[in-house]
Amino acid sequence: MDLQTLVDAASTRDWDTDPEGTVPIAVVGLGNYARNVSIPAIVAGDYAEVGAVVSGDLEKAERVADEHDAVPLSYEGYAEGESVDAYDAVYVATPNRLHLDQIRTAADHGKHVICEKPLEATTERATAAVDACEDAGVTLMTAYRMQADPVIRALGSFVSRGGIGEPTKAMGEFTFPVLAGSKGPDQWRLDAELAGGGALMDVGVYPLNTTRYLLGADPGAVEAMARASEPFGDRPDDPESHRFADEHVHVLASFPEGVVGEFTASFSGEADSWLELVGSDGRVRVENAFVPGGDRTVRVSTDEGEVELSGIGADETREEFDYFAHCVLTGTPPEPDGHDGLTDVAIVGAIYEAAESGDRVTLTRR
């Protein structure tokens, strides 16, 4: 793939076969991200629509449902199968450790699932989520929106066809100042029991998963350092408290063919996100890489020349839901499936083990 072909592909849906119909989705969990990012993306798309909304706050559910001509449900109603005919698929947007129960409910109702990343809080629970959907014969997609971004998909093809020669190094960062908004320390992202970890689990999976996608390979071993200051890593008097969330994590990952990965995730500091892939014959750098709907800039430098891509592509969250709905309508397995999400949870677990032990941890091929 030459540079001009890359430019052309970066604004094209390579998966779209223009099927008929739409997929009504039940949105389970109505936090800020679901209300302000995901639901608008579903509404703006071609193949998905909001069929139901589920919340522990029924007043909120009714308000959001009224806005989108959808059915409001409590978690109890969702679990019991109320208005189950109002939707054909489920989007799980609850805190990480609650994903398994919501996925099992969807599978029991025979509904396809798109679940926010990470798939679950532990490898065991992520495995159970994958098994539940496979046993029920329903689709499970992990919501890695970057894999639906036309720019990232074009870069994946470009790299796999030797656009930068043989990859040698991948680097990335995602810093999200989690306390900078209206929420203080009493939020689920700082509860390691609910979240499964801290910065690594919440934002570190973005450079990790996107690198795996671009390389088409998984790391074989990891090393890591992690630290946390108050209120991330404090140890309060309450023995039931689970606030041991990592604030900063630095990871070294060994990929096949001698490719070295180096990633940083942080819950404090100036907001930033970027990814860079270096090869024997060129490099790719993505600025503002992981912000939803962000003004992303891609710079590609090869022996052929240099190109900068900006102002192209699409809203990757809208693309994510349309891609998922397209898979449901056409019976096509999604590429970021449940096993993809499970792999990341296993890698994250190995990273935490390496950070705690100070040792290099080898990953078992799944």
Within the stretch 140-147, is there a residue that is touching a Gly at 6+ places or on another chain (Cβ under 9 Å) and surrounded by fewer than 22 Cβ atoms within 10 Å (Cβ to Cβ)?
no
Just to be sure I understand, how many residues within the stretch 2-42 are open to solvent by 10 Å² or more (accessible area, probe 1.4 Å) and at positive phi?
2
Any idea which of Val37, Val7, Val50 is within 19 Å of His112 (Cα to Cα) and β-branched (Val, Ile, Thr)?
Val50
Residues in the stretch 162-184: is at least one farther than 21 Å from Asp359 by Cβ, at pLDDT 90 or above, over 20 Å from the mean Cα position of the chain (by Cα) and aliphatic (A, V, I, L, M)?
yes
In the stretch 67-83, how many residues are within 18 Å of Cys133 (Cβ to Cβ) and open to solvent by less than 40 Å² (accessible area, probe 1.4 Å)?
2
Those helices (runs of 4 or more DSSP H) lying entirely in the stretch 10-104 with at least 2 residues without any contact (Cβ under 8 Å) to a residue 24 or more places away in the chain
58-68, 75-80
Among the candidates Val307, Val260, Val298, residue that is open to solvent by 60 Å² or more (accessible area, probe 1.4 Å), in contact (Cβ under 8 Å) with a residue 40 or more places away in the chain and over 19 Å from the mean Cα position of the chain (by Cα):
Val260
Using the structure shown, decide if Val64 is open to solvent by less than 30 Å² (accessible area, probe 1.4 Å), modelled with pLDDT of 95 or more, within 20 Å of Cys133 (Cβ to Cβ) and touching a strand residue (DSSP E or B) at 6+ places or on another chain (Cβ under 6 Å).
no
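Condition test on Glu134, is it touching a His at 6+ places or on another chain (Cβ under 7 Å), surrounded by fewer than 20 Cβ atoms within 10 Å (Cβ to Cβ) and either touching a residue at least 12 places away in the same chain (Cβ under 8 Å) or under 22 Å from His326 (Cα atoms) (or both)?
So Glu134 does not fit the description; no.
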Taking the stretch 309-330 on its own, how many of its residues are within 24 Å of Arg299 (Cα to Cα), of a type in the set (S, T, N, Q) and in a helix (DSSP H, G or I)?
1
Report yes if Ala143 is more than 16 Å from Ile25 (Cβ to Cβ), of a type in the set (Gly, Ala, Ser), out of contact with any Phe, Trp or Tyr (no Cβ under 7 Å at 6 or more places or on another chain) and touching a residue at least 40 places away in the same chain (Cβ under 8 Å), otherwise no.
no
On the basis of being of a type in the set (Asp, Glu), crowded, with 17+ Cβ neighbours inside 10 Å, over 14 Å from Asp16 (Cα atoms) and at pLDDT below 95, does Asp340 make the cut?
no
Need at least 1 residues that are within 17 Å of Ser268 (Cα to Cα), in contact with an Asp or Glu (Cβ under 7 Å, 6 or more places away or on another chain) and not small (Gly, Ala, Ser) per element, so show me which helices (runs of 4 or more DSSP H) inside the stretch 144-223 make the cut, counting only ones lying wholly within it.
205-215
Yes/no for Leu155 being open to solvent by less than 10 Å² (accessible area, probe 1.4 Å) and either modelled with pLDDT under 95 or more than 17 Å from the chain's Cα centre (by Cα) (or both)
yes
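The values are calculated or read from the model by the stated rules, or taken from the named source; none is laboratory data. What you see is a predicted model, and the numbers here were worked out from it, not measured in a lab. Cβ atoms come from the backbone with ideal geometry, glycine included; neighbour counts cover every protein chain shown. With ligands, DNA and RNA removed, areas are computed over all heavy atoms of the protein, side chains included. Shrake-Rupley method; radii C 1.70, N 1.55, O 1.52, S 1.80 Å.
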